[in-house]
Each structure stands twice: as C-alpha cells, then as structure tokens.
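Below is one structure; the comments refer to it alone.
The values are calculated or read from the model by the stated rules, or taken from the named source; none is laboratory data. All figures in this text were calculated on a predicted structure; none of them were measured in a lab. Here the Cβ positions follow ideal geometry from the backbone for every residue, glycine too, while neighbour counts run over all protein chains shown.
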Amino acid sequence: MSTVRTVTDGTFDSEVLKATKPVLVEFTAVWCGPCRTLAPILESIAEEEKERLDVVAIDVDENPATTVRYGVMSMPTMMLFRDGEPVHSIVGARPKSRLLSDLSDVLG
C-alpha cells in the first residue's frame with residue numbers, strides 16, 4: 001500500500017488545508033518523467049516521516065482547479081502546507097538528501 005495518498009480538487013481542502021500536521025503536496029502528471037523519478041523518493045520520505053508529515057499527490061491534468069489556485073506551472077512542484085497555508089515551494093525533482101534538507105528548515 002502506498003504511503004503517498006492521492007488527493008483531488010474535491011478532497012484537497014479536507015485532506016490538506018484542514019490537516020493537523022504539515023502536508024507535502026506533489027503536483028504531478030502521468031506524462032511527467034521527473035515526477036516518476038521523484039515518486040519512490042516521496043514514498044520513502046512519507047514512510048520515514050509519517051509521524052511529522054503527510055505526503056500527498058495531486059494530478060494536475062485531472063484537478064485543474066487546485067493547480068490554478070496555487071499557480072502551479074511546472075511539474076513536479078511540491079508545496080508544504082502548514083495550518084492551511086503554503087509555507088514552502090520546491091520546483092523540480094531532486095535527490096532525497098536535498099529534498100530532506102530543503103524541508104528540514106520548514107519542518108524544524
């Protein structure tokens with residue numbers, strides 16, 4: 001079973017904005033090669049950090065409202081949400097160590 005849940009335009013507010021812990025959202029698409037490269041890295045982070053962080057993915061082609069709402073132009077884009085607000089944005093795939101480093105500033 002995947003530790004990265006899928007969210008949609010319909011579930012985004014309840015799953016991300018109303019979450020009790022920080023949520024890392026990956027804006028992704030089936031045609032996105034770097035997104036496929038990033039998927040196992042996000043799975044690993046989701047498993048390792050499950051006590052402190054939820055990780056979800058949203059398909060930009062199937063969920064255009066949320067994509068437009070947050071001005072996402074490139075895939076993959078990851079946004080960290082805390083208390084219903086985006087607090088950090090990362091564009092592009094990167095190695096796990098760099099992604100964890102980028103998130104450590106915000107996760108504390």
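Among residues of segment 64-75 that are assigned to a helix (DSSP H, G or I), those with a beta-carbon under 6 Å from a residue that is surrounded by 11 or more Cβ atoms within 10 Å (Cβ to Cβ) and aromatic (Phe, Trp, Tyr) at least six positions away or on a different chain give the pairs THR66/PHE12. Which count do you get for residues in segment 76-93 that are touching a residue at least 40 places away in the same chain (Cβ under 8 Å) and either assigned to a helix (DSSP H, G or I) or touching an Asp or Glu at 6+ places or on another chain (Cβ under 8 Å) (or both)? So the answer is 3. Would you point out the residue of segment 58-93, among those that are among the charged types (D, E, K, R) and farther than 13 Å from LEU24 by Cα, that is nearest to the chain's Cα centre (by Cα)? Taking the candidates together, the pick is ASP59. Exactly one residue among LEU99, LEU103, LEU80, LEU107 is closer than 16 Å to VAL23 by Cβ and in contact with a Lys or Arg (Cβ under 7 Å, 6 or more places away or on another chain), and that residue is LEU107. Can you give me the number of residues within segment 90-108 that are hydroxyl-bearing (Ser, Thr, Tyr) and surrounded by 11 or more Cβ atoms within 10 Å (Cβ to Cβ)? Of the residues in segment 90-108, 1 are hydroxyl-bearing (Ser, Thr, Tyr) and surrounded by 11 or more Cβ atoms within 10 Å (Cβ to Cβ).
Conditions (1) aliphatic (A, V, I, L, M); (2) under 20 Å from VAL91 (Cβ atoms), marked per residue:
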position: VAL7; (1), (2): yes, yes
position: LEU24; (1), (2): yes, yes
position: TRP31; (1), (2): no, yes
position: ARG36; (1), (2): no, yes
position: GLU47; (1), (2): no, no
position: ASP59; (1), (2): no, yes
position: ARG69; (1), (2): no, yes
position: PRO76; (1), (2): no, yes
position: PHE81; (1), (2): no, yes
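Conditions tested, residue by residue: (1) at pLDDT below 95; (2) exposed (fewer than 12 other Cβ atoms within 10 Å of the Cβ); (3) aliphatic (A, V, I, L, M).
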site	(1), (2), (3)
PHE27	no, no, no
GLY33	no, yes, no
LEU42	no, no, yes
GLU49	yes, no, no
VAL60	no, no, yes
ALA65	no, yes, yes
THR77	no, no, no
LEU80	no, no, yes
PRO86	no, no, no
